[in-house]
Amino acid sequence: MSAKWIRVGDWVKILSGKSKGEVGKVLARSGSKIVVGGVNKKTKHVKKSSPEGKGTVVSIEFPIHISNVSLCLEDGSKIRLRVQMDSSGAKELVWTNSSGENQVFRRIKKARVVTV
């Protein structure tokens, strides 16, 4: 599925890089980069902010390109989404579970009200 469906709060699985196979929640998205919680952590040296303060070393999650992740469930199993219309005419993203039932992942658009 296209990376355009990935939003903040979704669970993703890392497909490449040193964090390959890890699962995390999307914390932020900016264009084609996302920040995933607990993944792609790097250390950064921070200068002291005042004369009596000390410089520190902090661990920060750095962004990953959106093409290197895949949507998944909390347990790490990948899902494939497709667009479907519900009974009221609204678009929603659905995925099929192991028993063959369609599960709603998220609504995309509200139903249009047609007046005549």
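The values are calculated or read from the model by the stated rules, or taken from the named source; none is laboratory data. Bear in mind the structure is a predicted one, so any value in this text is a computation, not a measurement. Heads up, the Cβs are rebuilt from the backbone with ideal geometry, glycines too, and the neighbour counts pull from every protein chain shown. Just the protein is used for accessible areas: all its heavy atoms, side chains included, with ligands, DNA and RNA removed. Shrake-Rupley method; radii C 1.70, N 1.55, O 1.52, S 1.80 Å.
Of note:
- Solvent-accessible area assigned to carbon and sulfur over the chain amounts to 51 percent, based on a 1.4 Å probe.
- Candidate values (1) 35, 31, 27; (2) 71, 38, 19; (3) 43, 27, 18, label of the one derived for Cα extents along the principal axes in Å: (2)
- Counting only protein heavy atoms and using a 1.4 Å probe, the accessible area of Ser87 comes to about 130 Å².
- Annotation: per residue accessible area for the chain equals 70 Å², rounded to a whole number [probe 1.4 Å, protein chains only].
- Net charge dipole, the chain: roughly 500 debye, given to the nearest 20, about the Cα centre with Cβ charges of +1 for Lys and Arg and -1 for Asp and Glu.
- FRET E, pair Leu73, Thr43, Förster distance 22 Å, beta-carbon r, rounded to 0.05: 0.10
- Reachable aspartates and glutamates from Lys20, criterion Cα separation under 19 angstrom, eight or more residues apart if same chain: Asp10, Glu61, Glu74, Asp75
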